[in-house]
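Chemist: What follows is a structure written as structure tokens; I'll ask about it next.
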Amino acid sequence: VLTGNWVLLNSDGIVKLDLGIGAAGEVVCDSNGDWIFGYDRNLGQCSVFDAELWGILDGLMLLQKQCYKKVVIQFDNLQVVKAIQDNLLEDSNLVLIKRIQQVLQHESH
């Protein structure tokens, strides 16, 4: 359970593999686990990796615009975590990863 003014961003990216068409969806809950908002985004053709990155970036941007400062990000792709933390920049993901890193550096928690 989160305490204080924390919010939880639960993000997931999906891709219909036979078509390569992806989407990202997110749910944001408060520190009590109560739903604040959710949304999704159609991405067109992309990889699962890109769909996960878009989900995180979209969620962070929405939370930043609504002035949430303390965010716990939850998702299920360790490869994405490592890419963001270790600056593992693949050509197709370079802009997405750099933008996520910029948002995270701008925020304090």
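Chemist: For a quick check of understanding: with a 1.4 angstrom probe and all protein chains in place, what accessible area in square angstrom does Asp86 have, to the nearest ten?
Modeler: 90
Chemist: Arg99: accessible area at probe 1.4 Å, nearest 10 Å²?
Modeler: 80
Chemist: A follow-up question, please. What accessible area per residue comes out for the range 7-107, rounded to a whole number of Å², with a 1.4 Å probe?
Modeler: 58
Chemist: Now a separate question. Given only helices, namely DSSP H runs of n ≥ 4 each adding -39500 (n - 2.57), what is the per-residue ellipticity at 222 nm of the chain, to the nearest 500 deg cm²/dmol?
Modeler: -11500 deg cm²/dmol
Chemist: Take Lys16, Lys65 and sort them by solvent-accessible surface of the protein heavy atoms, 1.4 Å probe, largest at the top.
Modeler: Listed by decreasing accessible area, they come as Lys65, Lys16.
Chemist: Further, regarding this structure: Using a 1.4 angstrom probe on heavy atoms only, work out the carbon and sulfur share of the accessible area of the chain in %.
Modeler: Carbon-and-sulfur percentage of accessible area, whole number: 53.
Chemist: Using Cα pairs under 8 angstrom and six or more residues apart, how large is the relative contact order of the chain, in percent?
Modeler: Result for the chain is 27 percent.
Chemist: Same structure, new question: Calculate the spin-label point distance for Asp30 paired with Asn5, positioning each point 7 Å from the Cα along the beta-carbon direction, and give it in nanometres.
Modeler: A separation of 1.3 nm, rounded to one decimal place.
Chemist: Moving on. Name the helices (complete DSSP H segments) of the chain with a Cα length along the long axis of 24 Å or more and a Kyte-Doolittle mean of at least -1.0, or state none.
Modeler: Span-like helices here: 48-65.
Chemist: A follow-up question, please. How much of Leu104 can a 1.4 Å solvent probe reach, expressed as accessible area in Å² and rounded to 10?
Modeler: Estimated to the nearest 10 Å², Leu104 gives 80 Å².
Chemist: Turning to a different aspect of this structure: Considering only the range 7-107, what is the antiparallel percent among its DSSP beta bridges, to the nearest 5?
Modeler: The antiparallel fraction comes to roughly 85 percent.
The values are calculated or read from the model by the stated rules, or taken from the named source; none is laboratory data. These numbers come from a predicted model, not from an experiment. A quick note on method: Cβ atoms are made from the backbone with ideal geometry, for glycine too, and the neighbour counts reach across all protein chains shown. We work out accessible area using only protein heavy atoms, side chains counted, and drop any ligands, DNA or RNA first. Shrake-Rupley method; radii C 1.70, N 1.55, O 1.52, S 1.80 Å.
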